[in-house]
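The values are calculated or read from the model by the stated rules, or taken from the named source; none is laboratory data. These numbers come from a predicted model, not from an experiment. Because the Cβ atoms are built from the backbone with ideal geometry, glycine has one as well, and the counts that use them run over all protein chains shown.
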Amino acid sequence: MRLGIGIFGMQSVPQRPDHHAKLYRDLLDDAELAESLGFDSIWLSEHHFWFDGYCPADLVAAGAILGRTSKLGVGTAVMLLPMHPAQKVGKEATTLSRLGEGRLSLGVALGYREPEFDGFGIRRKDRGKLMDALLPPLADACAAAEPAVPLYVGVATAVAAQRAGRLGLPLFADSTMNPAELREMLAAYDAARESAGMPAPATHALQRDVFVTDDPERDWAMLFPELRYMRRQYGSWSFPQSNGESVSAYRERLEADIEAKLKNLIFGRPEDVAARLREFEALGFELIVCRSQFGNLPRAGLHRAMEGLGSLAG
Amino acid sequence: MRLGLGPLDVDSVSPRDLHALAEAAVEASFDCVWVGGTGGTLVAAALVAQWVPVRVGAVVEVGTYHPLHLAEDIAVADLTCSGRLEVMLRPADVDADVLEEHLEVLGLALSGAHLQWNGKHLRVPARLADNGPVPERLALNPRPMQPAVPVWVLGRPAPRGLPELMFSPADVTSAELLTGAGNHAGYFVVDASTPDEVRAAGRRLAGPLRMPDFPAWVNE
């Protein structure tokens, strides 16, 4: 099992509004720490036009990390492919793979937040069609790069898994699925892959919220406000307030979503976390990208969690 | 007067050669290491910036991709190197009015404006009928670290406040460059292709370009 660390969104959150120059300097320091702790890779994510400055250019940040480190893998978890020109992504990945000596991986997915599509003049409803059109040429560009760039397709549903299955591309499974849902999604993937006559990929990747602690009480008090911020943000993007819905009713809906998603968080001591991760490895996920950064955690807290998780990676 | 190295071609350069050239540029007191090529130059500049303490430049095509992508890439590249980025825009083969709109929107976005653009070719935000209600304006976030990232456009005079930038061959002499600049501030980007060439060009050019009374015996 390979362990990745993430997911770095580079957010200057209201509760800790660091300047982005500091956030990116911290990112490069965190990457060096991840490399020294023996992590397989570090992972970035992407959103556009959000008030906290969520990273809109994950490949640029990946370039900086590749320059700072020498062994660590760097990946996107995930790039919102329908918003990008495929040729641009292919070129950037090719260049970074050569200059980073084969350490770049790409995870790509649909995206969902309407103002992001609209900012680029794209209809959100076209995102599936765009994905179908963009994935094959990008897969070709990734395969032709020297060294080749591993390309994973981010999925949160069985329908999305079927799209990846038809192309025989490995999955990057979202953190919100439980083991039963993951099994169902993998079955849909395999059925689509087999009927398209594609061979099984060597591995799939899984994204998971994971926080290793030696003091659950102390760390929960630090972690929960950041987790809550992150979940409310993603919740508000996935299901916006509906017409006529009161703010209080909407907040209740967001809180219920936080409760539901918390069920998938792996929070505990190193040996307990290791046992949980092995369950997911057994499902077919050889690469597990652990999200220990939520919002913008205090540095010392994030580093403690990385060191704890790193003891399982190294 | 300023001295740059490049543009180094990211389409073909090996990481080992790129590293050696960038280090030689720093040793020879170049102000900036420039990268060029058919794409991926901003990601490469972000990478090279981690190898050198000096500035980095990227030659980037403008007019094909959405200018907001370009603005986002520039902002993050500038932040990852703590404000050391420079950009040379190379106009794509598009209609003149398309190019002008791309340049306008890019400039507005980089300035941090709360943007609303209704042009002939671009509308930002697009506010497409098929999309749900979206805000009337959008802003680039994060913004670059520098209040104004130096941005030149190939084939056009330098923007106000920036020196004229000229690409020159490796074997150029300081006298030729100074004649080219006249009495104006010049920024010369020298296309040296080996570390030895880089060091030689730096030794030959850096002193005379920086000081009008540079003593000739120093380089004898």
(message) I need the full set of residues from the range A:8-47 which are away from chain B (no Cβ under 14 Å) and at pLDDT below 95, in order please.
(response) A:Gln15, A:Arg16
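When the range B:168-206 is examined, which residues are found to be in a strand (DSSP E or B) and either of a type in the set (Ser, Thr, Tyr) or crowded, with 18+ Cβ neighbours inside 10 Å (or both)? Don't jump to the end; show me each part of the working.
Initial filter on the range B:168-206 (in a strand (DSSP E or B)): B:168-169, B:186-191.
B:Ser168, B:Gly186, B:Tyr187, B:Phe188, B:Val189, B:Val190, B:Asp191 - these are the residues of the range B:168-206 that are in a strand (DSSP E or B) and either of a type in the set (Ser, Thr, Tyr) or crowded, with 18+ Cβ neighbours inside 10 Å (or both).
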(message) When the residues of the range B:207-220 are narrowed to those that are in a helix (DSSP H, G or I) and free of Cβ contacts under 8 Å to residues at least 60 places away in the same chain, which ends up nearest to B:Val33 (Cα to Cα)?
(response) B:Gly207
(message) I'm told B:Gly107 meets every condition in (1) outside any loop (DSSP other than H, G, I, E, B); (2) more than 10 Å from every other protein chain (Cβ to nearest Cβ); (3) more than 21 Å from A:His48 (Cα to Cα); (4) of a type outside the set (Phe, Trp, Tyr) except one. Can you identify the failing condition by its number?
(response) (3)
(request) May I ask you to verify whether B:Ala129 is surrounded by fewer than 19 Cβ atoms within 10 Å (Cβ to Cβ), within 26 Å of A:Ala86 (Cβ to Cβ) and in contact (Cβ under 8 Å) with a residue 24 or more places away in the chain? (result) no
(message) Return the residues of the range A:19-46 that are in contact (Cβ under 8 Å) with a residue 12 or more places away in the chain, part of a helix (DSSP H, G or I) and not small (Gly, Ala, Ser); say none if nothing qualifies.
(response) A:His20, A:Leu23, A:Tyr24, A:Asp26, A:Leu27, A:Leu28, A:Asp30, A:Glu32, A:Leu33, A:Glu35, A:Leu37
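Quick one: would you say B:Val134 is β-branched (Val, Ile, Thr), surrounded by 15 or more Cβ atoms within 10 Å (Cβ to Cβ), assigned to a loop (DSSP other than H, G, I, E, B) and touching an Asp or Glu at 6+ places or on another chain (Cβ under 8 Å)? Steps first, please.
Details: β-branched (Val, Ile, Thr): yes; surrounded by 15 or more Cβ atoms within 10 Å (Cβ to Cβ): yes; assigned to a loop (DSSP other than H, G, I, E, B): yes; touching an Asp or Glu at 6+ places or on another chain (Cβ under 8 Å): yes.
Criteria met by B:Val134.
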(message) Return the residues of the range A:120-163 that are outside any helix (DSSP H, G or I), surrounded by 18 or more Cβ atoms within 10 Å (Cβ to Cβ) and in contact with a Gly (Cβ under 7 Å, 6 or more places away or on another chain); say none if nothing qualifies.
(response) A:Tyr152, A:Gly154
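Just to verify a result, which residue in the range B:22-40, among those that are more than 8 Å from chain A (Cβ to nearest Cβ) and of a type in the set (Val, Ile, Thr), is farthest from the chain's Cα centre (by Cα)?
Of the range B:22-40, the ones more than 8 Å from chain A (Cβ to nearest Cβ) are B:22-36.
Next cut, of a type in the set (Val, Ile, Thr) only: B:26, B:33, B:35.
Working: B:Val26: 17, B:Val33: 9, B:Val35: 8 Å.
Looking at the filtered set, the residue picked out is B:Val26.
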(message) I need the full set of residues from the range A:48-76 which are in a helix (DSSP H, G or I), within 7 Å of chain B (Cβ to nearest Cβ), among the hydrophobic types (A, V, I, L, M, F, W, C) and free of Cβ contacts under 8 Å to residues at least 40 places away in the same chain, in order please.
(response) A:Leu59, A:Val60, A:Leu66
(request) Could you tell me which of the residues A:Ala200, A:Ala173 is among the small types (Gly, Ala, Ser) and over 14 Å from A:Ala77 (Cα atoms)? (result) A:Ala200
(request) Among the numbered conditions (1) within 25 Å of A:Asp29 (Cα to Cα); (2) under 16 Å from the mean Cα position of the chain (by Cα); (3) not in a loop (DSSP other than H, G, I, E, B); (4) not aliphatic (A, V, I, L, M), tell me where A:Glu286 comes up short. (result) (1)
